[in-house]
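Below is one structure, written out as structure tokens, with a few remarks after it.
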Amino acid sequence: MSEQLDFFTPIVPENAQHNNFKSILKTEDSSFFEAFREFSKDFTDRDGKIVKEFQTTFNSAFWEIYLHRLFSDLGYEIVTGYNRPDFLLKSGNNELAVEAVIANNACGAPAESSEAGRPTPENLKKVDLFELNKNAILRYCTSIVSKYKKYDKEYRELEQFSDKPFIIALGSYDQPAFFLENDRAILPVLYGLYVDEQNKFDGELAYQFGPAPVKKMSTLKNKNGSDVPLGLFANSDMKEVSAVLFSCLATLNKVRIFQSENENYKVFFHSGYANEHNEFYHKISSLEDKIETIEDGLYVFHNPYAEKTVIDCFKYPGITNYIYDIKTGVFHRYINGRQLLCRMSHIFKFHEGK
């Protein structure tokens with residue numbers, strides 16, 4: 001068992017600390033830090049950098065800690081002793097190689113931790129979902145392709161990768177309001193299909209997804225005017241990648257799953273879900289209700305051209321699996337119980353003794 005890491009005693013000067021880290025130190029109480037110790041339990045710091053990265057860049061470190069908790073809670077043995085992959089998972093005779101990557105904000109663009117990223121009513125009113133999705137598409141593409149190239153050039157010949165399904169685990173923290181991205185940006189990146197609920201994209205209609213048109217989106221222009229190719233899983237170019245595991249909801253609210261209510265602190269969650277019949281519903285809950293799970297909000301997008309499939313590896317309640325039908329050009333979404341689409345938390349603090 002690895003030694004419990006201390007993530008919150010500062011080891012870098014304040015001017016080098018990430019906004020999210022500084023916010024936690026300033027605003028959270030003892031119950032949060034106790035919850036984080038449970039959340040990060042048994043996490044192994046393989047290269048001695050995770051605490052510094054957590055304090056300075058935050059999101060990439062947090063995503064890895066989340067994935068460790070997720071895989072542990074799903075019952076996978078996390079095999080240690082290798083610098084790569086980020087996670088070598090074992091369950092029975094099956095082994096999976098998982099590399100973690102995040103989508104961050106573009107250079108010069110507002111970060112999710114900026115003032116513009118605060119989920120205030122004023123900021124949320126400014127969100128244009130189509131623009132949000134376009135930004136996310138470009139950021140996801142950059143992250144997935146760069147990780148694949150790293151695998152292709154450096155990892156594929158390593159013993160611990162050979163004969164194992166390879167999964168890219170993508171966490172999104174790419175812009176203010178990233179928690180509203182749902183699956184709308186990742187679908188065109190992987191399958192070349194855009195669910196155009198607002199009917200703002202001038203693309204060829206592929207089919208209807210309930211009331212929403214699904215349009216073909218094979219490329220998207222980036223800021224310099226060049227076309228970025230999409231549909232990474234719509235051909236065999238990335239056949240070595242079995243699936244992309246994705247979430248835009250791996251935030252501090254995942255720590256709050258382990259947090260306890262106290263008289264000085266109250267947290268409410270406003271969550272949007274879809275059920276197995278594709279019906280949307282809301283839930284308002286508190287910490288003590290323990291509604292959300294570590295798996296909620298996790299999506300697995302399977303590569304139909306994959307050399308090694310992982311179709312049966314993530315069939316857990318709360319995890320939604322997507323499969324693209326090559327013959328029909330249609331994606332199928334398999335919701336296991338419920339799919340967490342979006343979630344916001346509202347925190348109320350009371351003065352001690354009042």
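The values are calculated or read from the model by the stated rules, or taken from the named source; none is laboratory data. Bear in mind that the values here come from a model prediction, so they are computed numbers and not experimental data. Reconstructed Cβ throughout: ideal geometry from the backbone, glycine too, with neighbour counts over all protein chains shown. Surface accessibility is based on the protein's heavy atoms, side chains included, excluding ligands, DNA and RNA. Shrake-Rupley method; radii C 1.70, N 1.55, O 1.52, S 1.80 Å.
Out of 151, 194, 140, one residue alone is at pLDDT 90 or above, touching a strand residue (DSSP E or B) at 6+ places or on another chain (Cβ under 7 Å) and more than 24 Å from residue 320 (Cα to Cα). It is 151.
When 296, 289 are checked against the criterion of being under 25 Å from residue 77 (Cβ atoms) and of a type in the set (D, E, K, R), a single residue qualifies: 296. Restricted to the range 12-40, and to residues there that are over 25 Å from the mean Cα position of the chain (by Cα) and of a type in the set (Asp, Glu), the residue that is surrounded by the fewest Cβ atoms within 10 Å (Cβ to Cβ) is 14. Screening residue 256 with (1) charged (D, E, K, R); (2) surrounded by 19 or more Cβ atoms within 10 Å (Cβ to Cβ); (3) closer than 22 Å to residue 142 by Cα gives one miss only, at (3). Only one of the numbered conditions (1) of a type in the set (Phe, Trp, Tyr); (2) under 21 Å from the mean Cα position of the chain (by Cα); (3) in a helix (DSSP H, G or I) is violated by residue 43, and that is (3). Given 75, 81, which one is free of Cβ contacts under 8 Å to residues at least 24 places away in the same chain, farther than 15 Å from residue 258 by Cβ, out of contact with any Ser or Thr (no Cβ under 8 Å at 6 or more places or on another chain) and assigned to a loop (DSSP other than H, G, I, E, B)? Checking each option against the conditions leaves just 81.
Given the criteria surrounded by fewer than 20 Cβ atoms within 10 Å (Cβ to Cβ) and at pLDDT 95 or above, does residue 9 qualify? Yes, satisfied. Scanning the range 12-33 for residues that are modelled with pLDDT under 95 and among the charged types (D, E, K, R), we see that the one that is nearest to residue 62 (Cα to Cα) is 28. Which of the following residues is over 22 Å from residue 228 (Cα atoms) and touching a helix residue (DSSP H, G or I) at 6+ places or on another chain (Cβ under 9 Å): 126, 90? Only one candidate qualifies: 126.
Is there a residue being surrounded by fewer than 24 Cβ atoms within 10 Å (Cβ to Cβ), assigned to a loop (DSSP other than H, G, I, E, B), of a type in the set (D, E, K, R) and at pLDDT below 95 anywhere in the range 200-209?
Taking every residue of the range 200-209 in turn, at least one turns out to be surrounded by fewer than 24 Cβ atoms within 10 Å (Cβ to Cβ), assigned to a loop (DSSP other than H, G, I, E, B), of a type in the set (D, E, K, R) and at pLDDT below 95.
Taking the range 119-138 as the range and being farther than 28 Å from residue 203 by Cβ, open to solvent by 60 Å² or more (accessible area, probe 1.4 Å) and touching a residue at least 12 places away in the same chain (Cβ under 8 Å) as the test, only 119 passes.
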